[in-house]
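Below you'll find the structure, written out as structure tokens, and then a few comments.
The values are calculated or read from the model by the stated rules, or taken from the named source; none is laboratory data. Note that the structure is a prediction, hence the values are computed from the model and not measured. When we count neighbours, we look across all protein chains shown, and the Cβ atoms used for this are built from the backbone with ideal geometry, even at glycine. Note: areas computed on protein heavy atoms with side chains; ligands, DNA, RNA excluded. Shrake-Rupley method; radii C 1.70, N 1.55, O 1.52, S 1.80 Å.
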Amino acid sequence: MRNNHTPPVQAGLIRGAYHFARPDKSSGSAQADYFVDHGGAWRPDGKTLPGVLDVEPTPGLPTCYGVAPGTTVRWIASFDGEYLRRTGRHPVINTNTSWWSQCTGNSSAFAATNLLWIGSYTGTPHPLPDGWSRYAIWQTSDSGPFPGDQDLFNGTARDLQNLALKGTYTPPPPPPAGAWPVVQQGYAGRQVTTLQYLLDAHGASLPVDGSFGPGTRDAVVAFQTRHQLDPDGIVGPRTWQALATTVREGDHGAAVRAVQAELDAHGASLSVDGSFGAGTRDAVVAFQTRNQLTPDGVVGPGTWLALVN
């Protein structure tokens, strides 16, 4: 049968392979050898990413596979060492902070050598496992507009090409505390949800789905143009500041929904109904108090910054 689909490599796609770790089955070095021998090797061809060691739970099995944290760390070290010996590069480690903390004792043993692919569906990649201050890839969801998991590379297209070519990469540091985030097309999660609510508050008609696609970008460009901002479709500090409408008790609408959704992401239990009542005010005051802001119940620039950061 003829295959009419262009192979990924011929289409110019950068691709790679990952190995799902089973530390209860065989040694780390044995699994690394199997991985390399069956398509998991890295090569400096500009299109093959370093292999990924996926360490996370399997549904239906014990969370840590019945393996003690110290043994798990030694197993990962065995896999890492053999993969390095065979390919000249460390594998990327794909995990989530909860599993890593429980099953490795929150080990920092690999943070200096292995890139991190973090799984977090909370709208933020943080907190990261111990030792890592940066991540290379963020798995934001297990479903969405693209097939399978939804992932964001922490860098530019050129950075991704260099990672494939060199097998190593230094991700950018996280934004400083108190900085407005930068959000752009391809991003997903809590900050995008807030952005979409705020754009709707300023006259857009976006579905609030937490996914920054072309429609959201077009709405950002239109908003930036109306407010004499650089219409680049990227939401940075100036665009956030222009979007962040002050809201208070008695207000209604999409901006209030943005506040309520953010408060819920920070631990409140509000109905996202767009009505700024006493319950929303109490949640705002509690959030402001925790973040050493003036607890006046009014969501102005300082509270917006703390909510979306």
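Per-structure values
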{"quantity": "Residues that are under 25 Å from Val192 (Cβ atoms), at pLDDT 90 or above and hydroxyl-bearing (Ser, Thr, Tyr), drawn from segment 84-139", "calculated": "Thr95, Thr97, Ser98, Ser133, Tyr135"}
{"quantity": "Members of segment 176-203 that are farther than 23 Å from Ile118 by Cβ and open to solvent by 30 Å² or more (accessible area, probe 1.4 Å)", "calculated": "Tyr197, Asp200, Ala201, His202, Gly203"}
{"quantity": "Members of segment 155-192 that are under 30 Å from Ser275 (Cβ atoms) and either in contact with a Lys or Arg (Cβ under 9 Å, 6 or more places away or on another chain) or modelled with pLDDT of 95 or more (or both)", "calculated": "Trp180"}
{"quantity": "Residue among Asn106, Asn114 that alone is open to solvent by less than 60 Å² (accessible area, probe 1.4 Å), in a loop (DSSP other than H, G, I, E, B), under 30 Å from Leu307 (Cα atoms) and in contact with a helix residue (DSSP H, G or I) (Cβ under 9 Å, 6 or more places away or on another chain)", "calculated": "Asn106"}
{"quantity": "Check on Thr246, out of contact with any Gly (no Cβ under 7 Å at 6 or more places or on another chain) and on the phi < 0 side of the Ramachandran plot", "calculated": "no"}
{"quantity": "Within segment 10-25, considering residues that are open to solvent by 50 Å² or more (accessible area, probe 1.4 Å) and of a type in the set (Gly, Ala, Ser), the one farthest from the chain's Cα centre (by Cα)", "calculated": "Ala11"}
{"quantity": "Some residue of segment 238-256 being in a strand (DSSP E or B) and in contact with a helix residue (DSSP H, G or I) (Cβ under 9 Å, 6 or more places away or on another chain)", "calculated": "yes"}
{"quantity": "Pick from segment 277-294, criterion part of a helix (DSSP H, G or I) and of a type in the set (Ser, Thr, Tyr), ranking: nearest to Glu249 (Cα to Cα)", "calculated": "Thr280"}
{"quantity": "Within segment 93-103, considering residues that are buried (at least 16 other Cβ atoms within 10 Å of the Cβ) and touching a helix residue (DSSP H, G or I) at 6+ places or on another chain (Cβ under 9 Å), the one nearest to Asp142 (Cα to Cα)", "calculated": "Thr95"}
{"quantity": "Tally, over segment 84-93, of residues that are farther than 12 Å from Leu49 by Cβ and either part of a strand (DSSP E or B) or of a type in the set (Asp, Glu) (or both)", "calculated": "1"}
{"quantity": "Qualifying residues in segment 133-148 (those that are in contact with a strand residue (DSSP E or B) (Cβ under 8 Å, 6 or more places away or on another chain), in a loop (DSSP other than H, G, I, E, B) and touching a residue at least 24 places away in the same chain (Cβ under 8 Å)) - the one nearest to Tyr18 (Cα to Cα)", "calculated": "Ala136"}
{"quantity": "Positions within segment 29-65 being of a type in the set (A, V, I, L, M), under 24 Å from the mean Cα position of the chain (by Cα) and part of a loop (DSSP other than H, G, I, E, B), in sequence order", "calculated": "Leu49, Val55"}
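Yes or no, residue by residue, for (1) under 18 Å from the mean Cα position of the chain (by Cα); (2) within 16 Å of Gly16 (Cβ to Cβ); (3) among the acidic types (Asp, Glu); (4) open to solvent by less than 30 Å² (accessible area, probe 1.4 Å):
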{"position": "His126", "(1), (2), (3), (4)": "yes, no, no, no"}
{"position": "Phe153", "(1), (2), (3), (4)": "yes, yes, no, no"}
{"position": "Asp159", "(1), (2), (3), (4)": "yes, yes, yes, no"}
{"position": "Pro174", "(1), (2), (3), (4)": "yes, no, no, no"}
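Every residue, every condition in (1) open to solvent by 30 Å² or more (accessible area, probe 1.4 Å); (2) within 20 Å of Val182 (Cβ to Cβ), yes or no:
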site	(1), (2)
Ala244	no, yes
Arg248	yes, no
Val256	no, no
Leu263	no, no
Gly277	no, no
Arg281	yes, no
Val285	yes, no
Gly297	no, no
